[in-house]
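Derivation of every value follows stated rules applied to the coordinates shown; laboratory data play no part. The model shown is predicted, which means the values in this text are computed figures rather than measured ones. Here the Cβ positions follow ideal geometry from the backbone for every residue, glycine too, while neighbour counts run over all protein chains shown.
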Amino acid sequence: MAVKPYAGDAQRRQERQQNYDIAPTISERWPEVRSVAVDLRFARMERRTLPMPYRQIFLPPMRAFFAFLCPDPECRNGGFDLTPTIERGHARHGGAIHGTLACGGQRPTRERGWAACEIELQFDVIFDDDPPASA
Ligand SMILES: [Zn+2]
């Protein structure tokens, strides 16, 4: 059964696209970085089908834009923007960042009408930096 598109979705998609378009590339943001690996695992999906954990690799020419969609197609206004977490984390901790983020969207339920989505994203981010050039 197809999910009826929500009017706000088009606007959100557009905002997301705009944010993507203005994001610097990985090489502009972090010239020394050769790749950024982002491992994503989703949890807390009561009666919903979870996507398998997956890894996304970001290479220097790609945008430093780490916003991931909520895996629940019925979720409205959800998603996970790791961009600020990754930028701060890399500045503070360098190579590896771990954390969890809950989806702030809303989803329809049979029992309670609209309810908080609450899907949890557990993420591990691993930076592969060039070793500092030896003098
Ligand atoms: Zn969601």
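Mind giving me the nanometre distance, one decimal, between the label points for ALA96 and GLN14, set 7 Å out from Cα along Cα→Cβ?
About 4.3 nm separates the two model spin labels.
Say each of TYR54 and GLN122 gets a label point 7 Å from the Cα, pointing the same way as Cα to Cβ; how far apart are those two points in nm?
Placing both labels 7 Å along Cα→Cβ, they lie 1.9 nm apart.
How would ILE22, ILE119, ILE126 line up from fewest to most surrounding beta-carbon atoms within 10 angstrom? Numbers along the way, then the final one.
Details: ILE22 9, ILE119 24, ILE126 15.
Fewest-to-most ranking of ILE22, ILE119, ILE126: ILE22, ILE126, ILE119.
Could you tell me the relative contact order of segment 32-129? Use alpha-carbon pairs under 8 Å, at least six residues apart, and round to a whole percent.
Relative CO of segment 32-129 lands at 36 percent.
Which is the longest stretch in the chain that no exposed loop site breaks, taking sites as trypsin sites (Lys or Arg not before Pro) with a DSSP loop state and at most 11 other Cβ atoms within 10 Å? List each step's numbers first, then the result.
Working: sites that count: ARG47, ARG110, ARG112.
Result for the longest clean stretch: 48-109.
What 222 nm value per residue comes from the helices of the chain, counting each DSSP H run with n ≥ 4 as -39,500 (n - 2.57) and dividing by all residues, nearest 500 deg cm²/dmol?
My calculation for the chain gives -7000 deg cm²/dmol from helical runs alone.
For helix 83-93, what angle does its Cα long axis make with the longest principal axis of the chain, in degrees from 0 to 90 and rounded to 10?
40
With +1 on the Cβ of every Lys and Arg and -1 on the Cβ of every Asp and Glu, and nothing else charged, how large is the dipole of the chain about its Cα centre, in debye rounded to the nearest 20?
Once rounded to the nearest 20, the dipole reads 580 debye.
Considering the dipole of the chain built from charges on the beta carbon (Lys and Arg +1, Asp and Glu -1) around the Cα centre, which of PHE58, LEU69, PHE123 is farthest to its positive end?
LEU69
When ILE26, ILE57 are ordered from fewest to most other Cβ atoms inside 10 Å of their Cβ, what list results?
The fewest-first ordering by Cβ neighbours comes to ILE57, ILE26.
Run through every distinct alpha carbon pair of the chain and return the Kirkwood hydrodynamic radius in angstroms, one decimal place.
16.4
For each of VAL125, VAL38, count neighbouring Cβ atoms within 10 Å of the residue's Cβ, then give the residues from fewest to most.
Sorted ascending by nearby Cβ count, the order is VAL38, VAL125.
Looking at segment 59-135, which GluC sites (Glu not before Pro) are DSSP coil and have at most 13 other C-beta atoms within 10 Å of their C-beta?
Here the GluC sites (Glu not before Pro) that fit, given the DSSP loop and packing criteria, are GLU111.
Per 0.36 nm of contour for each residue apart, how much would the distance between ARG112 and THR25 grow if the chain were fully extended, relative to their Cα-Cα spacing?
Roughly 27.1 nm would be gained on extension.
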